[in-house]
Amino acid sequence: MQTIKIEMIHDIVCSWCAIGYRHLQTALHDLEGQVEADLHFLPFELNPDMSPEGEDIVAHLGRRYGWDEERVMTYRRDLIPKGLAAGVHFDFSKRTHYYNTFDAHCLMHWAEQQGRQVELNEVLIPAYHSEGANLADRQALLDLAARAGLDREAARQALVSGELVQPAKQKMARVATYKVRSVPAFIFNETDFVSGSNSPEFFLQYLHGQLKASTTAA
């Protein structure tokens, strides 16, 4: 079995990141027994300057892109079936706000150190997109860490100590070298950069190419 390192550049509040992650997982499932994914997550902040209380999504899209409410509703109507097809449930009656996600990315880094980054991501996706969790609230984040099987008190200590800030910023600096304009994006085996949520078929074909290249190189 071939091991492929995959680093996903993402933000938890990004709808297309959740969809892209599920598309990748579908492709990996189809290659079960052929590919073992060494999966990691790299932070990208869509809203680095957002206040702790977050911002109403409709108001935010209007301010940022000039979208009126009708445009937002149309976008949501188109997005919901795409999410469901990928296995992501967007509940906009609960997911009403965007949030600053720096602490969430710090927690993801800490979870990586515990070998449970994927498990935490699996919890964060429905917590935000389906339940509307405030990802800028540390108590909410600690509850979600515990839901992912992590030690709540150890996670709290890591967050309040500030020890996670520099490693998270170092990862963001690395992401910046790729000149990422939108997420999700993916780095395969630390060299190949792929942008976009793509489709399961795209990822399947791409991973087949990675397998073939590795076999040829060997």
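What the table shows:
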| quantity | calculated |
| --- | --- |
| Of all residues in region 29-67 being charged (D, E, K, R), surrounded by 11 or more Cβ atoms within 10 Å (Cβ to Cβ) and assigned to a loop (DSSP other than H, G, I, E, B), the one that is nearest to the chain's Cα centre (by Cα) | GLU45 |
| Top-ranked residue in region 98-150 [being without any contact (Cβ under 8 Å) to a residue 24 or more places away in the chain and not in a helix (DSSP H, G or I); ranked as nearest to the chain's Cα centre (by Cα)] | ALA133 |
| Residues located in region 185-206, provided they are in a loop (DSSP other than H, G, I, E, B), in contact with a helix residue (DSSP H, G or I) (Cβ under 9 Å, 6 or more places away or on another chain) and under 25 Å from MET172 (Cα atoms) | ASN189, GLY196, SER197, ASN198 |
| Count - residues of region 179-216 that are closer than 28 Å to HIS29 by Cα and under 19 Å from the mean Cα position of the chain (by Cα) | 21 |
| Tabulated pairs, region 187-203, first on the phi > 0 side of the Ramachandran plot and touching a residue at least 40 places away in the same chain (Cβ under 8 Å), second part of a helix (DSSP H, G or I) and not small (Gly, Ala, Ser), C-beta under 9 angstrom, 6+ apart or interchain | ASN189/GLN210; GLY196/TRP16; GLY196/PHE202; ASN198/HIS23; ASN198/LEU24; ASN198/TYR206 |
| For VAL180: the one exception among (1) aliphatic (A, V, I, L, M); (2) crowded, with 19+ Cβ neighbours inside 10 Å; (3) touching a Phe, Trp or Tyr at 6+ places or on another chain (Cβ under 7 Å); (4) under 25 Å from ARG64 (Cα atoms) | (2) |
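Laboratory data are not the source of any read-out in this text; all were calculated from the coordinates shown. Just so we're clear, the structure is a prediction, and the values are computed from it rather than from any experiment. Using ideal geometry, Cβ is built from the backbone for each residue, glycine included, and neighbour counts are taken over all protein chains shown.
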